[in-house]
Amino acid sequence: MKRWLVALALVAAACGGGSEGESARRAQVGEVRAAAEAGDVERARTELEELRGLIDGQLADGEVDDAEAMRVLAAADDVEAALGPPPTSSTTTTSTTTTAPPPPPDDDKDDDDEDDDDDGRGGRGKGKEKDDD
């Protein structure tokens, strides 16, 4: 028999007799048991957290005494321990480096904006020079 079944039996036993609060606790234990029996450990953990929340609320409202609340919470801790450690998340990070291609070759070897052949009329000064006389 799996350890969590024994632990669930302890939780159920800790939930006492027949008051409305006890019925709610038993119903929540049933949810934990159903999840655990289905092999849904994640859901079983969630149901255990809900059981703990229910106990905390009932304790605050005076629906359960301290001793019984401690018994149920200790049994819930036993169930969680029997379920085994929570799964660790495995995240794989992949980085991609993209290198930009080099700029195209510059056909104009004279990159400066000053053109020695410019006569002040715009253009590159490659045409026929005019006499201003």
Modelled with pLDDT under 70, at negative phi and within 31 Å of the chain's Cα centre (by Cα): does that describe Thr91?
yes
Show the residue pairs that are 6+ apart or on different chains and have beta-carbon atoms under 8 Å apart, the first residue being within the stretch 56-72 and modelled with pLDDT of 90 or more and open to solvent by less than 100 Å² (accessible area, probe 1.4 Å), the second being acidic (Asp, Glu) and not in a loop (DSSP other than H, G, I, E, B).
Leu59/Asp66
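The values are calculated or read from the model by the stated rules, or taken from the named source; none is laboratory data. Predicted model, so just to flag it, every value in this text is computed and none were measured. Please note: Cβ atoms are built from the backbone with ideal geometry, for glycine as well, and neighbour counts cover all protein chains shown. For the accessible areas, the whole protein counts, side chains as well, though only heavy atoms, and no ligand, DNA or RNA atoms are used. Shrake-Rupley method; radii C 1.70, N 1.55, O 1.52, S 1.80 Å.
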